[in-house]
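Before anything else, here's the structure in question.
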Amino acid sequence: MVVATTDTHRVIDTIWRIESAQLIAGLARIVRDVGRAEELAQDALVAALEQWPASGVPDNPGAWLMATAKRRAIDDVRRNAMLERKHEELARAVHSEQGASEPDLDAALDDEIGDDLLRLVFTACHPVLASEARVALTLRLLGGLTTDEIARAFLAPEPTIAQRIVRAKRTLADEHVPFEVPRGAGLAARLSSVLDVLYLIFNEGYAATAGDDWMRPALCEDALRLGRIVAELMPGEPEVHGLVALMEIQASRSRARVGPAGEPVLLFDQNRARWDRVLIGRGLAALERAERLGGAQGSFALQAAIAACHARARAPEETDWPRIAALYEALAQVSPSPVVELNRAVAFAMAFGPAVGLEIVDALHAENALADYHLLPSVRGDLLAKLGRFDEARVEFERAASLTRNARERRLLLERAEGRARGSAKL
């Protein structure tokens, strides 16, 4: 496929986003080092940038990139006498591939690509790495994002992200982390790490921790795409489908969560006609799969069931709050945490009255478990306002505004504080 020179780099960039994860995964299986696998993949990308503008984009660009990278891997092995046996094995493989047509090579690579991708997922999300490192490495290796893109997404300096990725790859090598999917009892613990990383990425896109934007949709899309890949690779794991269900349903509200000027639009104020019914349908189907596999009581499946209650309500007043309260009760048993307890307080307030919810919130406040979490005073302010305690509500909203690092959210909280002050003045 010949492409105009002016367009070639854009085409290559698109191909890289599509093929890079599979390319790195396949190379990591060979060299058993994700850092070196990424370098080899980057070498192949440079070769494409040099050759394709003149020769045209191959019909099977992924196979071309893999063949090029594998040949460079052979050069690596030749420089290491200790890996002579592997060199001969790879040389035989490359020799046979060189004699095959690109479509045949592509088909041969497809035989193991699913396993390779799964190994790469579990390696990038290995618990030996800090949470921030897992997120950065996953976005780099599996999401195809550049260091600069990851830095901008998380509002971190590019050198910080670059060092985080370098250290992560070095740690994996130093700790001799095997390029494999764990088996038996180890699978559940490692899978939990994978799902947590994907949900961290999604949440940062859904409600940005800091900066001027309320949402970063591209991160939601990356997390959702990676979640769907894991679900395809591990179809028998209910919590994988539970996470995908949760992300699909939450993502369905994206267009309605932001106003014309980029301001936040809270759940009760959203135009539900703007919710994406296709994503909702996908999410409900994924939730059904999780439940059919016996995972109805999994943490992500329970959260997805809560999101489904909102998705099924065509208007706020149709929301089944007693059902949501019961689901939060179950979630508090499965995954107890102060944040879950805060959400349970909101559900109980909606189902049984603000005084009931405030009692739960006040208990959290007394425990000081969420002292710097801006949503605790935000929820408390909302419940106080519903009880007519406007002066106290204003103080809580102002405190919440002082704690958040997101400019859009801070503005919204200050507006709510001002509204509570006006409500008090009217009494």
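The values are calculated or read from the model by the stated rules, or taken from the named source; none is laboratory data. This one's a predicted model, so the numbers in the text were calculated from it and none came from an experiment. Neighbour counts run over all protein chains shown; Cβ positions are idealised from the backbone, glycine included. With ligands, DNA and RNA removed, areas are computed over all heavy atoms of the protein, side chains included. Shrake-Rupley method; radii C 1.70, N 1.55, O 1.52, S 1.80 Å.
Where the accessible area of the chain is counted over protein heavy atoms with a 1.4 Å probe, how much of it, in %, is carbon and sulfur?
52 percent
Leaving ligands, DNA and RNA out of it, rank W321, W52 by accessible area with a 1.4 Å probe, largest first.
Reading off the accessible areas and sorting them downward yields W321, W52.
Evaluate the charge dipole of the chain about its Cα centre and quote only its size in Debye, nearest 20, assuming +1 on the Cβ of each Lys and Arg and -1 on the Cβ of each Asp and Glu.
Taking the Cα centre of the chain as origin, the dipole is about 960 debye.
Roughly how much of H176 is accessible, in Å² to the nearest 10, using a 1.4 Å probe?
150 Å²
Shifting gears a bit: Considering all alpha-carbon pairs of the range 373-417, what whole percent are spaced by more than 13 angstrom?
42 percent
Heavy atoms only, 1.4 Å probe, whole protein assembly: order K386, K169 by accessible area, highest first.
Listed by decreasing accessible area, they come as K386, K169.
Next question. Which of rounded, prolate, oblate describes the range 338-427, given a ≥ b ≥ c as roots of the alpha-carbon gyration tensor eigenvalues and a/c under 1.5 marking rounded, otherwise prolate only if a/b is larger than b/c?
Oblate, since a/c reaches 1.5 and b/c is not below a/b.
How much accessible area does V395 have with a 1.4 Å probe, in Å² rounded to the nearest 10?
Accessible surface of V395 is approximately 80 Å².
What figure, in Å² to the nearest 10, do you get for the accessible area of D115 with a 1.4 Å probe and non-protein molecules left out?
80 Å²
Ok, one more. Counting only heavy atoms of protein chains, what accessible area per residue, in Å², does the chain have with a probe of 1.4 Å?
47 Å²
Name the long-range amide H neighbours of V258: under 5 Å, sequence gap of 5 or more, or other chain; modelled H, no Pro or chain starts.
Counting only residues 5 or more places away or on other chains, the set is V265.
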